[in-house]
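Heads up: the structure comes next, in structure tokens.
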Amino acid sequence: MEGVDYLIDERKKAQFDVEAMKVAWAGSRETLEVSNRMAKLVANDPVFEKFTRPMLGRKELFKNTLRKAAHGWKLIVDLRLTVLCNHHCFHLTVQFLLISEEEAKWLRLYIDEPAYTDLHWGMFIPAIEGQGTEEQKKKWLPLAQKMKIIGCYAQTELGHGSNVQGLETTATFDPQADEFVIHSPTLTSSKWWPGGLGKASTHALVYARLIVGGEFHGVHGFIVQLRSLEDHSPLPGITVGDIGLKFGNGAYNTMDNGVLRFDHVRIPRNQMLMRVSQVTKEGKYMQSDVPRQLIYGTMVYVRQTIVADASKALSRAVCIATRYSAVRRQFGSRNGGPETQVIDYKTQQSRLFPLLASAYAFRFVGEWLKWLYTDVKQRLEANDFSTLPEAHACTAGLKSLTTTATADGIEECRKLCGGHGYLVSSGLPELFAVYIPACTYEGDNVVLLLQVARFLVKTVSELGYKQPVGTTAYMGRMAALMQNNCAVRTAEDWLNPGAIVEAFEVRAARMSVACGQRLAKFENPEEGFAELASDLVEASVAHCQLIVVSKFIEKLKQDIPGKGVKQSLEILCYVYALFLLHKHQGDFLAIGYLTPKQALLANDQLRTLYSKVRPNAIVLVDSFNYTDHYLGSILGRYDGNVYPKLYDAAWQDPLNDSDVADGFHQYVQPILKQKLHSAKL
């Protein structure tokens, strides 16, 4: 049981109040308590067992997911009814949803299995809330929230994803029948990828080209029933099914991603989402009094949840890799003593600790994005659209930055676990396979960064007469940023938050200005944008990294209770910032802000910071507060008892049900007996 001893000793090194750090990670004591309750509820329920998932065939896997989703929903209903009864409320039908959605959210998280319910709650309902009229919300939301219907979000097509305006599905208004005719005119117009569509959804929010009186009015959303509510069979004119196996073992194959085609399917006119624009019974297309910009509120909401999910996924991988790095010993033994813990090698620290710091950085920028969403929503409701372009660019960029870094980070954590990281029982291959779609859903990450670039270039071009706001406010000091160079003289100077923020501001500002100057040389702006796309992407990354660094530093200005908590977070903040500075030092040198010596000083300080992270590494990942069930990893076990559990798990594989494998006598024995020529293969 050596592993157990390793982690006990590691936890004795803690230099901060671990419980207080758990609160800092969760955001509040109340959130931590809710999270704990739901984590224990799932971990102690045998229905939610998941370690055999990768060994199941597709049909069995999907049926098992349906069972878990049903059991999860039953728990949510039971919890809601219990809470309502405890409050002496007997109007259960009317008050069905009074229990905190927070608990239901954490329950779904800890069940930890992609399911048809994900898009129902994450996209279908929010889209109706954001784009539906009051009448439409009154009709559809109670049905969806009580799961009397199951919805999905059908936007992406076989031939179009990020280019929403290029979607081919049509919705043609028939004024005689007061209906829309939904049609898939080509093979590539088939809806492709929506989760829940393949087998479970009864309805879809379908995005299609609106055609009224032969005139195209852009892409709009329509609520379309797909299957009978009696026997679940597809309705006339609808061809629907699953698109097949995806990357990984169990992974995202628990989800019925679907394909959908329409053959002149008719729906009532009032099933077009009409909060922003409407089609009258007479066939007149008109904008409502509600500004079109309101639909972007839903987009901001979805992308801030994606950033929050990135911190959860990366922190899981980092927790596994950090614990295992403390358990694993390799080389370095002298005079028969123990070998060196892998976590003590600087090469391991230089790869692992920046990922640990990134998990915290993404957690706090996600926390800030929740505030941003609330602020944007309130402004939109007050017809204040001044911050909307910046908020849209900010959330698009952070979605791209955090999901790319998280996908790469999970794979790096797998490699940090050596050969054992390749085992499914390590939890890392499945986590990677489940997570990587985030890099392409809700916008391909490169396309999103190019959207950010357009906003940055426009902001730079307007500096003479328009004050930049929000995360671009630093550009209002453009003259100073273009002139100032780094004043750092010693490695310790890099522990100055002001010096760090200035470095990232100067880099982002100068790269954006350089792109704008190069674009100005092209007669055709779009030609220039295409030619300079790679440079524009790099400028966007610089801007987004500045946001994350700035928000981490702003977090540290808050009152953070608990012995040593703030100091430990400061170390992680500096690790995150200086790691990025080292990784992208070519940018800082190329723009003339840093000298080679200053870049070396930053790297010297970074190595020193790794030594400060090392004593707290295990308790920093303990602070994520993940149960062994949620981690789903033998390598990341809380008790560190890795090797006996790996050994036991090997014998549970179905191949070990018998000493002689099925097929041996038919295919292998003839080779051994040199009788292959006479064997019946």
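The values are calculated or read from the model by the stated rules, or taken from the named source; none is laboratory data. Worth saying up front: this structure is predicted, and the values here are computed from it rather than measured. Virtual Cβ from ideal backbone geometry, glycine too; neighbours counted across all protein chains shown. Just the protein is used for accessible areas: all its heavy atoms, side chains included, with ligands, DNA and RNA removed. Shrake-Rupley method; radii C 1.70, N 1.55, O 1.52, S 1.80 Å.
Values for this structure:
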{"item": "Extension gain, Gln483 back to Asn36 (0.36 nm per residue minus Cα-Cα distance, nm)", "result": "155.8 nm"}
{"item": "Among the listed pairs Lys105/Lys146; Lys59/Lys199; Lys68/Lys199; Lys40/Lys566; Lys312/Lys370; Lys74/Lys137, those beyond 18 Å (Cα-Cα)", "result": "Lys40/Lys566; Lys74/Lys137"}
{"item": "Additional length obtainable on full extension of the chain from Gln567 to Thr374, 0.36 nm per residue less Cα span", "result": "66.5 nm"}
{"item": "Exposure ranking of Tyr474, Tyr465 by accessible area [1.4 Å probe, largest first]", "result": "Tyr465, Tyr474"}
{"item": "1.4 Å probe accessible area per residue over the range 537-629, in Å²", "result": "35 Å²"}
{"item": "Accessible solvent surface per residue of the range 352-423, calculated while the other protein chains remain in place, 1.4 angstrom probe, Å²", "result": "34 Å²"}
{"item": "Relative contact order (percent, whole number), the chain, Cα cutoff 8 Å, 6+ residue spacing", "result": "16 percent"}
{"item": "Cα-based shape type of the range 161-265, given that a ≥ b ≥ c are square roots of the gyration tensor eigenvalues and the cut on a/c is 1.5", "result": "oblate"}
{"item": "Rounded percent of accessible protein surface that carbon and sulfur make up, the chain, 1.4 Å probe", "result": "55 percent"}
{"item": "Long-range amide H partners of Leu273 with built H, under 5 Å", "result": "Gly221, Phe222, Ile223"}
{"item": "Inter-label distance for Ser658 and Glu492, nm, one decimal - labels placed 7 Å from Cα along Cα-to-Cβ", "result": "7.2 nm"}
{"item": "Accessible area (Å², 1.4 Å probe, nearest 10) - Leu655", "result": "140 Å²"}
{"item": "Label-point separation, Met286 to Asp639 (7 Å along Cα→Cβ), nm", "result": "7.0 nm"}
{"item": "Gyration tensor (alpha-carbon) shape descriptor, the range 563-678, a/c threshold 1.5", "result": "oblate"}
{"item": "Lys/Arg +1, Asp/Glu -1 at C-beta; the chain dipole; positive extreme among Leu456, Trp25, Val565", "result": "Val565"}
{"item": "Of [x] 1.10; [y] 1.04; [z] 0.98, the label for Cα Rg over 2.2 N^0.38 Å derived from the coordinates", "result": "[y]"}
{"item": "Solvent exposure, largest accessible area first (probe 1.4 Å, DNA, RNA and ligands not counted), of Arg607, Arg316, Arg11, Arg379", "result": "Arg607, Arg379, Arg11, Arg316"}
{"item": "Lys13/Ser228 FRET efficiency (R0 51 Å; Cβ-Cβ; nearest 0.05)", "result": "0.25"}
{"item": "With all protein chains modelled, accessible area of Glu442 [1.4 Å, Å²]", "result": "60 Å²"}
{"item": "Fraction of antiparallel bridges per DSSP, the range 168-314 only, in percent to nearest 5", "result": "90 percent"}
{"item": "3J(HN,Hα) from dihedral phi, the range 577-589, Karplus parametrisation 6.51/-1.76/1.60, rounded to Hz, x for glycine, proline", "result": "5, 6, 5, 5, 4, 5, 4, 10, 4, x, 4, 5, 6"}
{"item": "Area of Glu101 that stays accessible when all protein chains are in place (1.4 Å probe, Å², to 10)", "result": "80 Å²"}
{"item": "Charge tally in the Cβ shell below 12 Å around Pro175, where Lys, Arg are +1 and Asp, Glu are -1, Pro175 excluded", "result": "-1"}
{"item": "Sorted peptide list for 657-665, 582-590, 385-393, criterion being average Cβ within 10 angstrom, highest first", "result": "385-393, 582-590, 657-665"}
{"item": "Share antiparallel - DSSP beta bridges, the chain, percent rounded to 5", "result": "80 percent"}
